[in-house]
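Read the structure below first, then the notes.
The values are calculated or read from the model by the stated rules, or taken from the named source; none is laboratory data. Because the structure is predicted, anything quoted here is derived from the model rather than measured. Cβ placement follows ideal geometry from the backbone for every residue including glycine, while neighbour counts extend to all protein chains displayed.
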Amino acid sequence: MTAAATAEADDKAFFGHPKALGFLAFTEAWERFSYYGMVALLVLYMSKQLLLPGHVENIVGFEGARWLVEHTYGGGKTMTVVALASGIYGFYSSTVYLTPFFGGLLADWVLGRTRTVVLGAFLMAAGHFLMAFDASFLAALACLMLGSGCLKGNLATQVGGLYPATDNRRADAFQIYYIGINAGAIFGPPVASYLGQEIDWHYGFGAAGIGMLVSLVIYLRGRRYLPADPPRRRRATAAEKAVRPPMSKRDVAVLVLLMLLLPVLSLSVVGNNQIQNGLLIWADRDVALPVIFGKPIPAGTLIGVDSIVSVSIIGLMVLFWRAWAKRFREPDEMGKIIFGCFAGAAGVLCLATGASLAAATGAKVGFGWLLAFLILNDIGFANVLPVGLALYARAAPAAVAGSIVGLYYLHLWAGNTLVGWLGGLLDKIPTPQFWLLHAAIVGAAGVIFFVVRLVFGGLLRGEPAKPDFVAADAAETP
């Protein structure tokens, strides 16, 4: 084959997408295997062993960490074990979505994307293996937070770099990428939960570390297919600044709007992200979990169940919107996000309903209510997270498009911080009220998005600028 024919074949080798997408998707799948496997154990491990007497005294630096968590989530007051575990989870799970911004800077200015991803994978593997010891618990979390920052945003940026700006495959690529994420999350929690809850906690964390090493090997094997790293950034000279086109007033308006929407996006994820925190503790205590081989499944396995549902729903939503578009006008990104928020709120209402019925009868919550939540929540997830990322990648002004991907993850940092605080309410307020509060928050996000779409929908869709924008931009043109 000629070089051109080979390049064309590689561009369609993975379900009509570049071969590199396959390597990136499987890299992320195994990274998610390790991440969700560890997360499936984290809150349960802390609340049932690590933070109890006999273990908590062994954690190096824990008193400083306790002070930070209690002043962040508990108003400076002494927290219960459940609240403290939830707070630590909230700090960890929010920080892993804050560090990608700094990982992007490291890649852009110093190491390049590929080397930064490799560094992140090594740090994350080290973090999982350090979980084997009580003393190194905080060091393990630090490695995982820093490693995730190096890896997460840069992998997603490499996915986007596979396609030219006019290639319509980009949106499908991100959904395939999210399928890879959820496919990894299907297997990680059951494996880690069985090893951790049925044999020894540290075996589960070790399995997560092995998964991270597999992820690194896949990434290195596919390295030659990845898009070339852009030149390192440097401080622009005066001549370069003189010829660089400034952002127009319209670009600034879009950027400001995208920034203002981040807090609203953070509200939209609290129901979904409570799955790895309060839901695990509540399900382990109050839900009639399915029985397999004569024993209830470990509560951490629910994350894997959620991932199975999520993968199925994302695929079905892709097919649904394609079929919808053949007969009706397909909603824009904001329309899908609004739909997703209301679906997610309906899902959390199922948990509130199940908890109310259980409180009235004295029985455990039926698993059907939890399954209904997972289905509705994942319909919401499929229309918020990947669609939101596609919205930010498309609508961001070209001058700052690279930074916007890192900034997009800030809503997950804020959302998980809120999840950590809300999780501390689980043993303070009745469970039905706990879930009603989450449903109200997610539903409120949908209402805000609805209003924003009515007022600013054209701006985000890139419709022709109104006369005031055109006049202002023309006035700025030399």
Could you list, in sequence order, the residues of segment 153-207 that are touching a Phe, Trp or Tyr at 6+ places or on another chain (Cβ under 7 Å) and charged (D, E, K, R)?
ARG169, ARG170
Every residue from segment 243-302 that is within 16 Å of LEU422 (Cβ to Cβ) and assigned to a loop (DSSP other than H, G, I, E, B):
VAL269, ASN277
Checking ALA107 against (1) within 19 Å of the chain's Cα centre (by Cα); (2) over 17 Å from SER34 (Cα atoms); (3) buried (at least 24 other Cβ atoms within 10 Å of the Cβ); (4) not charged (D, E, K, R): exactly one of these is not met. Which one?
(1)
Condition (residue is touching a residue at least 24 places away in the same chain (Cβ under 8 Å), farther than 30 Å from LEU44 by Cα and either surrounded by 17 or more Cβ atoms within 10 Å (Cβ to Cβ) or outside the structural domain of ILE313 (by TED's automatic domain parsing) (or both)) applied to segment 189-210: is it met by at least one residue?
no
Pull out all pairs, ordered by first then second residue, where Cβ-Cβ is under 8 Å, the residues are six or more apart or on different chains, the first lies in segment 108-137 and is touching a residue at least 60 places away in the same chain (Cβ under 8 Å), and the second is among the charged types (D, E, K, R) and surrounded by 17 or more Cβ atoms within 10 Å (Cβ to Cβ).
GLY112/ASP229; ARG113/ASP229; THR114/ASP229; ALA121/GLU31; MET124/GLU31
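Please pick out the residue among ALA346, ALA372, ALA390 that is in contact with an Asp or Glu (Cβ under 8 Å, 6 or more places away or on another chain), surrounded by fewer than 22 Cβ atoms within 10 Å (Cβ to Cβ) and small (Gly, Ala, Ser).
So the residue among ALA346, ALA372, ALA390 that is in contact with an Asp or Glu (Cβ under 8 Å, 6 or more places away or on another chain), surrounded by fewer than 22 Cβ atoms within 10 Å (Cβ to Cβ) and small (Gly, Ala, Ser) is ALA390.
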Picking from ILE313, ILE404, which residue would you name as being within 30 Å of LEU460 (Cα to Cα) and either modelled with pLDDT of 85 or more or not in a helix (DSSP H, G or I) (or both)?
ILE313
Residue among PHE381, PHE320, PHE373 that is over 30 Å from ALA288 (Cα atoms), part of a helix (DSSP H, G or I) and not small (Gly, Ala, Ser)
PHE320
Of LEU213, LEU155, LEU151, LEU220, the only residue that is assigned to a helix (DSSP H, G or I), at pLDDT 90 or above and within 30 Å of LEU44 (Cβ to Cβ) is LEU213
